[in-house]
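Notes to accompany the following structure.
Read-outs throughout are calculated quantities, based only on the coordinates presented, and are distinct from any laboratory measurement. Values in this document were obtained by computation on a predicted structure and should not be read as measured data. Please note: Cβ atoms are built from the backbone with ideal geometry, for glycine as well, and neighbour counts cover all protein chains shown.
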């Protein structure tokens, strides 16, 4: 399913998320299952399916990383559930260093310092991704998406560390 088409947007990485939210609410109202309560079973089922597609599409398009994955999928570059590994030794080395640094975090200040570093890395990669997708450099963009997934996993791990530190204070 092409979620850009569902929300009547051009297929583009650049997207007005405010407008996306507005269109989401309109579609939700139009296909809300309550509107089909007195309809036949087939109409009710269609409304439920459409509502599910609308929800999935909104969740996909509102986040830049999932939007990029979806856009690349529409271009024939499938990233979902893939097992391909990155072949960028410099990036992989940096990941190992960041993982080791996460293991040594013991204070909220160290969490904040690491968060600032990860946010900067993510911003840089998002800028690269934007350029690659705009230039139709799909394979490079796919590798950048893979790198961003690594970075988001590190951020998730950092959040778990922060939660455990807060619990122990």
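Ratio of Rg to Rh for segment 89-168, alpha carbon only, Kirkwood?
Here Rg/Rh amounts to 1.06.
Most exposed first by the Cβ proxy, i.e. fewest other Cβ within 10 Å, how do 149, 123 rank?
123, 149
Please arrange 128, 116 by counting, for each residue, the other beta carbons lying within 10 Å of its beta carbon, fewest first.
116, 128
Using only Cα atoms and rounding to the nearest 10 degrees, what angle (0 to 90) does helix 17-31 make with the longest principal axis of the chain?
Long axis of 17-31 versus the principal axis of the chain: about 40 degrees.
What does the helix-only formula give at 222 nm for the chain: each DSSP H stretch with n ≥ 4 adding -39500 (n - 2.57), the total divided by the residues, and the result rounded to the nearest 500 deg cm²/dmol?
-25000 deg cm²/dmol
Provide 160, 146 in ascending order of the number of other Cβ atoms located within 10 Å of each residue's Cβ, fewest first.
160, 146
Ranking request for peptides 22-28, 64-70: highest mean number of other beta-carbon atoms within 10 Å first, then the rest in descending order.
My ranking of the peptides, most packed first, is 64-70, 22-28.
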